[in-house]
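Q: Got a structure for you, questions after.
The values are calculated or read from the model by the stated rules, or taken from the named source; none is laboratory data. Model, not experiment: these values are computed from the prediction. With ideal geometry, Cβ positions are generated from the backbone for all residues, glycine too; neighbour counts draw on all protein chains shown. Just so you know, the surface numbers come from the protein's heavy atoms only, side chains and all, with ligands and any DNA or RNA stripped out. Shrake-Rupley method; radii C 1.70, N 1.55, O 1.52, S 1.80 Å.
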Amino acid sequence: MTDRTLDTGTAYGRPRPTHRAELTEVGAGTPMGELLRRYWHPIGLAADANATPRKVRVLGEDLILFRDGAGQPGLLYPHCAHRGASLYYGKVEARGIRCCYHGWLFAAQGHCLEQPCEPEGGRARESARQPWYPLEERYGLIWAYLGPPDRKPVLPRYECLEQLADGEMLEADDHSIGGGGPQIIDCNWLQHYENLVDPFHVVILHSSFSGTQFVEQMAVMPQVTWDVQAHSVRTLSVRKLPDGKTFRRISEAGLPTLRVIPNPRVGSYGMVESLGWILPIDDHHFRIYVVGRVKEKGDLHRMRSRLGGKLWEELTEEEHQRYPGDYEAMTSQGPIAHHSEEHLATSDRGIVMLRRLLQRQLEVVAQGGDPAGVFFDPDTPPVKFTAGNFLEG
Amino acid sequence: MTDRTLDTGTAYGRPRPTHRAELTEVGAGTPMGELLRRYWHPIGLAADANATPRKVRVLGEDLILFRDGAGQPGLLYPHCAHRGASLYYGKVEARGIRCCYHGWLFAAQGHCLEQPCEPEGGRARESARQPWYPLEERYGLIWAYLGPPDRKPVLPRYECLEQLADGEMLEADDHSIGGGGPQIIDCNWLQHYENLVDPFHVVILHSSFSGTQFVEQMAVMPQVTWDVQAHSVRTLSVRKLPDGKTFRRISEAGLPTLRVIPNPRVGSYGMVESLGWILPIDDHHFRIYVVGRVKEKGDLHRMRSRLGGKLWEELTEEEHQRYPGDYEAMTSQGPIAHHSEEHLATSDRGIVMLRRLLQRQLEVVAQGGDPAGVFFDPDTPPVKFTAGNFLEG
Amino acid sequence: MTDRTLDTGTAYGRPRPTHRAELTEVGAGTPMGELLRRYWHPIGLAADANATPRKVRVLGEDLILFRDGAGQPGLLYPHCAHRGASLYYGKVEARGIRCCYHGWLFAAQGHCLEQPCEPEGGRARESARQPWYPLEERYGLIWAYLGPPDRKPVLPRYECLEQLADGEMLEADDHSIGGGGPQIIDCNWLQHYENLVDPFHVVILHSSFSGTQFVEQMAVMPQVTWDVQAHSVRTLSVRKLPDGKTFRRISEAGLPTLRVIPNPRVGSYGMVESLGWILPIDDHHFRIYVVGRVKEKGDLHRMRSRLGGKLWEELTEEEHQRYPGDYEAMTSQGPIAHHSEEHLATSDRGIVMLRRLLQRQLEVVAQGGDPAGVFFDPDTPPVKFTAGNFLEG
């Protein structure tokens, strides 16, 4: 050995990275899986439930969505209770869906109505109920509840989607607007949920990296404060604009997966105009459903980011590398981000608050309680948010 | 909590599905793997063994099939006994197959005949025998025995393939006729074997779902009885036809994987005209070899199902969903069906009998005995079946 | 049972194959992984380090290679120390690479220089150092040291690359010349390393199988002896040529992954003209970097094997089967060769010696020592080899 200076800080010998499983994994029986199962989740557009059985994947569970001839949507376990052929190949009829293999007919709530190869249409057909989940329809979306039946809450209404101005209508979209990439995003949902309380990345990722992706005033470095509400973490970003005015932007990450994000293109100032729900497909995939007040059909869809006029799927790999967006940032954290390797800083206080809010709900559920943001009284008034873009002075 | 009615029968909290490993898994050393290894299995058409080494996969084992210059077929472990290069890259010669890497030459029964880079052609070459399996050829197929040498039975003959009428010939086919899909079917072999004792699915899957896939009389709901023979489960389906006649159809599922299924197109009544053997490729894949008496070359191949004139591989995913057949029903049960979730009914009695027949053979083998359907006397007469389509009255 | 002769040597009941993990697996913390981490490895051409971040994979580790505006190359752990977004999407600047997500800027040695969303550019930025590895550049390649900092040796020089004749220049190539296949070869590195001390396969694989792949004199069966040097295994192949002359060929497998192989096309006799380094990408993949003395740019690249004028990637699967080369022989041994099933013979003595040489180095490292072939004195003279093609008599 000579007395050369030793290298410090090299990657040699660093420990294997780990992630916080209790905050990220969504399968049945896991802590976060059980917490998320206490809420309703959008699992499709209303039009997705129709006479053609459709595969959906939610919280790690594969299911079949359909709509019977009477207009009733159904969400069933895919493998027929009889011998397991998939109801994806079933025939949708007036009263339910019929398995292709031996013709057992199941209603939207799983009741077996016919067993045509059995004597008397199946004397024991009552006992062969197909596992199902309750559905509701609202705001152009279909909502499912995958949790314990005795904890099923009321499907919430939201004030910002209930009060429409003249000429406004609601529109629902399933293109994962706000995800910055394809419809199905191949990383853990929490990576996107945390992105909601991180207003700083807008200044870097969406401005200096990808050109001014939104509008000029978003590129100004904001003063940021966060506070924890009953069922959300709220972010207040204050920007002094060149003209001396003050731009105040409030966004919220609502329990359990709610995007309450004012339009980053800031077309007009005012209260938030749309809501988004992150749907965890499984531990490594999510998608986003959005509902908003629009003037014209297609307005929401037109909100999808473009770079030089091109949608994400029209860009080359070289362009993705050169002009990364939310999708590239989030998915490159890994299928699940390595929490053991993070160096959180003052600009990450919102993320710390959000994790704590989730952690508290995990504890409540573990102790037999109901998490924040669920309610059981159907007369509960619509949920209010304070999010919006506001110009002052 | 309000006193709303609780949802019952939902998919929440259902246990993880399981399968019966002892009936389905085929690897060496597993119960079913050892049972299946007591029988000869067809592993290729006679023409598949030729001067070009061919990869075959049987019961979870990868092997190389070839035919030496003297016409002797060989089935060898793929990795050369020397240093493991694959004999797939070998050169077939008069006396055997030569490894590409260092030229060791192996005969059909694995004897190492030459080691050209060794002094005197390898003084110890006797000790480097390549693992092999015995083969026989019959009915246009190549048969392999993968079991313990001291239990090797006689390769059976079958009466229905031995007695040819004038103008009849035998034809062998490897397109998995009867599987309703591609040549290699991606689910466990038992799903298809059980399909053989299930005459009811014909009325639903092959009639109301896919249109009249076979002939009109098959769409009539039959009266079905089953009985267990020494080495098969036999299904008798009786149909009263509109013209007052009685259509009796007998099919058999023979040990260990035998399809004894009369032509479902019922071109002419009479005894069964072809036999099929399900070859378990591994736990999640199988294929079917068929031999039949035909009038013209290609008759067997023309038996493959068509929908609107199109073969399975010519249909779109939408058409597969809308007009499912055996392939869709079987594979959608999963790579291996979830036996823990079944609700077997009276129409599934044949399946219960077949599983019991298999279960009994597993016990016999575990106790050191020989399973039903194997025999050791080369003078044993050909195996007879009673299967056929018969018209009465 | 009859008294038929029993089959012997069949594949029934053979044990599951195993490999020698300590000689093959390269991950951090494994015996061979730690031994390999005591040496410098080439990880790219000098030109690969530029302003576009590049993914490289070395010894099972994913890393990002770049070159800052001052010309300094850097090799960093891919996930940003802040919140884990990949530096593959980073922007290369004068002083380092900036993460796309929140703009943290890292120097080539991982120091965090800026945290633009933090007060005062990040008061604690010193503590957020990005894991990095030291690099050096030589012979047109970039070399990395992934081992313990206190054991970092001097990057060797090699005599055969230091002494250039008039009109000669050095050329570096990354097409895995000598691997006989694509740039990335999908099997364990040891399979190729062992190939270096195996002169006999040239006579079979490269002559009788693929036609005369090299030159006629290589097809003559050689007399071979091996000896173990301080940091290599040396192979001497002596061939009596038809004209009575003696062709002596010496090649070496140097520690840890060095190819010291004279040109098998034997254009001119003399000392070895190029060196190759096998880079283990991970347990199941490797590639080869080569540096050689050439007369014209592109000479090295023109050394790639062709069959009927076609490069490996231009051949069909049928041609690969019919005319196998090193790639087919090596990869068909499996992702990692099955050492438990080998039958090593006298022609494999070089392989036995090479494994023992590796085994001894594993022991030295386990006991806290430094393996053969590393040195710490920067004034150590260039490494010499005796390899070459020589004509005598």
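Q: I'd like to verify a number: residues in segment C:246-264 that are surrounded by fewer than 23 Cβ atoms within 10 Å (Cβ to Cβ) and more than 21 Å from the chain's Cα centre (by Cα), how many?
A: 3
Q: Against the conditions (1) more than 14 Å from every other protein chain (Cβ to nearest Cβ); (2) touching a helix residue (DSSP H, G or I) at 6+ places or on another chain (Cβ under 6 Å), where does A:ALA230 fall short? Just the number, please.
A: Condition (2) is where A:ALA230 drops out.
Q: To continue, here is another question. Restricting to segment B:154-204, give me the number of residues that are aromatic (Phe, Trp, Tyr) and away from every other protein chain (no Cβ under 14 Å).
A: Count: 2.
Q: Then there is this: Can you tell which of A:LEU113, A:LEU65 is without any contact (Cβ under 8 Å) to a residue 24 or more places away in the chain, in contact with a helix residue (DSSP H, G or I) (Cβ under 8 Å, 6 or more places away or on another chain) and within 23 Å of B:LEU6 (Cα to Cα)?
A: Result of the check over A:LEU113, A:LEU65: A:LEU113.
Q: Name the residues in segment B:274-312 that are surrounded by fewer than 17 Cβ atoms within 10 Å (Cβ to Cβ) and either small (Gly, Ala, Ser) or in a helix (DSSP H, G or I) (or both), would you?
A: B:GLY298, B:HIS301, B:ARG302, B:GLY308, B:GLY309
Q: So which residues in segment C:343-372 are assigned to a loop (DSSP other than H, G, I, E, B) and either open to solvent by 50 Å² or more (accessible area, probe 1.4 Å) or without any contact (Cβ under 8 Å) to a residue 24 or more places away in the chain (or both), if there are any at all?
A: Residues satisfying the conditions are C:HIS343, C:LEU344, C:ALA345, C:GLN367, C:GLY368, C:GLY369, C:ASP370.
Q: Say whether the condition of being at pLDDT below 95 and of a type in the set (Gly, Ala, Ser) is met by at least one residue in segment A:290-303.
A: yes
Q: Being surrounded by fewer than 21 Cβ atoms within 10 Å (Cβ to Cβ) and under 28 Å from A:ASP283 (Cβ atoms) narrows it down to one of A:LEU170, A:LEU146, A:LEU190, A:LEU155, so name that one.
A: The match here is A:LEU155.
Q: Here's a follow-up. I'd like to verify a number: residues in segment C:378-393 that are surrounded by 12 or more Cβ atoms within 10 Å (Cβ to Cβ) and either free of Cβ contacts under 8 Å to residues at least 24 places away in the same chain or assigned to a loop (DSSP other than H, G, I, E, B) (or both), how many?
A: Residues that pass the stated criteria total 5.
Q: Still on this structure, I have one more. Condition first: more than 11 Å from every other protein chain (Cβ to nearest Cβ), in contact with a Leu (Cβ under 7 Å, 6 or more places away or on another chain) and in a loop (DSSP other than H, G, I, E, B). Can you find one or more residues in segment B:1-17 that meet it?
A: Taking every residue of segment B:1-17 in turn, none turns out to be more than 11 Å from every other protein chain (Cβ to nearest Cβ), in contact with a Leu (Cβ under 7 Å, 6 or more places away or on another chain) and in a loop (DSSP other than H, G, I, E, B).
Q: Name every residue in segment B:313-333 that is within 14 Å of chain A (Cβ to nearest Cβ) and open to solvent by 40 Å² or more (accessible area, probe 1.4 Å), in order of residue number.
A: Listed by number, the residues that qualify are B:THR316, B:GLU317, B:GLU318, B:GLU319, B:ARG322, B:TYR323.
Q: Considering segment A:264-289 alone, what residues qualify as being at pLDDT 95 or above and more than 24 Å from A:ALA172 (Cβ to Cβ)?
A: Across segment A:264-289, the qualifying residues are A:ASP283, A:HIS284.
Q: Does B:ARG259 qualify as being of a type outside the set (Val, Ile, Thr) and under 30 Å from B:ILE64 (Cβ atoms)?
A: So B:ARG259 passes the test.
Q: Shifting gears a bit: State yes or no: is A:ARG125 crowded, with 19+ Cβ neighbours inside 10 Å and among the basic types (Lys, Arg)?
A: In short, yes.
Q: Which ones in segment C:1-18 are open to solvent by less than 70 Å² (accessible area, probe 1.4 Å) and modelled with pLDDT of 95 or more?
A: C:ASP7, C:GLY9, C:THR10, C:ALA11, C:TYR12, C:GLY13, C:PRO17, listed by residue number.
Q: Being within 14 Å of chain B (Cβ to nearest Cβ) and assigned to a strand (DSSP E or B): is that true of A:GLU136 here?
A: For A:GLU136, the condition - within 14 Å of chain B (Cβ to nearest Cβ) and assigned to a strand (DSSP E or B) - is met.
Q: Would you point out the residue of segment A:367-389, among those that are among the hydrophobic types (A, V, I, L, M, F, W, C) and farther than 19 Å from A:TYR145 by Cβ, that is farthest from the other protein chains (Cβ to nearest Cβ)?
A: Filtering first and then ranking leaves A:PHE385.
Q: Look through A:LEU36, A:LEU23, A:LEU45 and report the one residue that is out of contact with any strand residue (DSSP E or B) (no Cβ under 9 Å at 6 or more places or on another chain), away from chain C (no Cβ under 13 Å) and either more than 22 Å from C:SER127 (Cβ to Cβ) or among the acidic types (Asp, Glu) (or both).
A: Checking each option against the conditions leaves just A:LEU23.
Q: Would you check which residues across segment C:79-107 are part of a loop (DSSP other than H, G, I, E, B), surrounded by 24 or more Cβ atoms within 10 Å (Cβ to Cβ) and more than 7 Å from chain A (Cβ to nearest Cβ) and list them?
A: C:CYS80, C:GLY90, C:GLY96, C:CYS99, C:TRP104, listed by residue number.
Q: Still on this structure, please answer the following. Is it the case, given these coordinates, that A:GLY90 is at pLDDT 95 or above and at positive phi?
A: no
Q: Can you pull out every residue in segment B:40-78 that is open to solvent by 10 Å² or more (accessible area, probe 1.4 Å), under 19 Å from C:GLY13 (Cα atoms) and within 18 Å of the chain's Cα centre (by Cα)?
A: B:TRP40, B:VAL56, B:ARG57, B:GLY60, B:GLU61, B:ASP62
Q: Applying the selection to segment A:34-49, what residues are of a type outside the set (A, V, I, L, M, F, W, C), touching a Leu at 6+ places or on another chain (Cβ under 9 Å) and either in a loop (DSSP other than H, G, I, E, B) or modelled with pLDDT under 95 (or both)?
A: A:ARG37, A:TYR39
Q: As an exercise: evaluate C:SER340 against (1) open to solvent by less than 20 Å² (accessible area, probe 1.4 Å); (2) assigned to a helix (DSSP H, G or I); (3) in contact with a His (Cβ under 8 Å, 6 or more places away or on another chain) and give the number of the one condition it does not meet.
A: Looking at each condition in turn, C:SER340 falls short on (1).
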